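What follows is one structure encoded as structure tokens, with my remarks underneath.
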Amino acid sequence: MSKGEAYNKGFRKKQLTGSYGDFKSTEVKSNGERYPTDIVYFKTAESEGKVYHPTQKPVELGRYLIRTYTNEGDIVLDNTCGSGSFLVSAILENRKFIGFEKNEGVHLFKNQEIDYIEVCEQRIEDAYKKMNSIVKLQKASGE
């Protein structure tokens, strides 16, 4: 989210529907926070190191999206977690996470079968180690 000026969006009209319940007419205001409205560019997953999945996303993209759309301590759901890039991103941004992957037959190369649950577990373990190292460094430097 980026900061902007607060403004009045106008009035939400009175609605009497069975779908979502009845709504009274109310004034709608914006606190000025804005979501990104443009294309964002990030280096590829290959530039971050080893690639485990054919459609692997960069961890930095995940970190950006998680910082933008969640708050610290929130739960991030990745229902197509593949090799776990967004789960790693959640750890690095101090969020909890739930991830699952149902595709068992995905191959990175023509005949190289990979157990993505094992890959996720290893990447998650590595991310926690990285976070612990960062915390130790911060404590040592008095931050």
Hey, residue 47 of a type outside the set (A, V, I, L, M, F, W, C), under 16 Å from the mean Cα position of the chain (by Cα) and either buried (at least 19 other Cβ atoms within 10 Å of the Cβ) or not in a loop (DSSP other than H, G, I, E, B) (or both) or not: no
Residue that is nearest to the chain's Cα centre (by Cα) [pool: residues in the range 1-27 that are assigned to a strand (DSSP E or B) and surrounded by 10 or more Cβ atoms within 10 Å (Cβ to Cβ)]: 2
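Residue-wise test of (1) within 20 Å of residue 134 (Cβ to Cβ); (2) in contact with a Leu (Cβ under 8 Å, 6 or more places away or on another chain); (3) not β-branched (Val, Ile, Thr).
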{"residue": "63", "(1), (2), (3)": "yes, yes, yes"}
{"residue": "68", "(1), (2), (3)": "no, no, no"}
{"residue": "72", "(1), (2), (3)": "yes, no, yes"}
{"residue": "83", "(1), (2), (3)": "no, no, yes"}
{"residue": "88", "(1), (2), (3)": "yes, no, no"}
{"residue": "99", "(1), (2), (3)": "no, yes, yes"}
{"residue": "111", "(1), (2), (3)": "no, no, yes"}
{"residue": "116", "(1), (2), (3)": "no, no, yes"}
Contact list please: Cβ distance under 7 Å, first residue in the range 44-65 and in the same structural domain as residue 96 (by TED's automatic domain parsing) and touching a residue at least 60 places away in the same chain (Cβ under 8 Å), second residue part of a helix (DSSP H, G or I) and surrounded by 14 or more Cβ atoms within 10 Å (Cβ to Cβ), pairs at least six apart or on different chains. 52/119; 53/116
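Residues checked against (1) in the same structural domain as residue 49 (by TED's automatic domain parsing); (2) touching a residue at least 24 places away in the same chain (Cβ under 8 Å); (3) assigned to a helix (DSSP H, G or I); (4) surrounded by 10 or more Cβ atoms within 10 Å (Cβ to Cβ):
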{"position": "72", "(1), (2), (3), (4)": "yes, no, no, no"}
{"position": "87", "(1), (2), (3), (4)": "yes, yes, yes, yes"}
{"position": "101", "(1), (2), (3), (4)": "yes, no, no, yes"}
{"position": "131", "(1), (2), (3), (4)": "yes, yes, yes, yes"}
{"position": "134", "(1), (2), (3), (4)": "yes, no, yes, yes"}
{"position": "137", "(1), (2), (3), (4)": "yes, no, yes, yes"}
When you scan the range 68-101, how many residues do you find that are touching a Gly at 6+ places or on another chain (Cβ under 8 Å) and among the hydroxyl-bearing types (Ser, Thr, Tyr)? 2
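The values are calculated or read from the model by the stated rules, or taken from the named source; none is laboratory data. This is a predicted model, so every value here is computed, not measured. Every residue, glycine among them, receives a Cβ derived from its backbone with ideal geometry; neighbour counts consider all protein chains shown.
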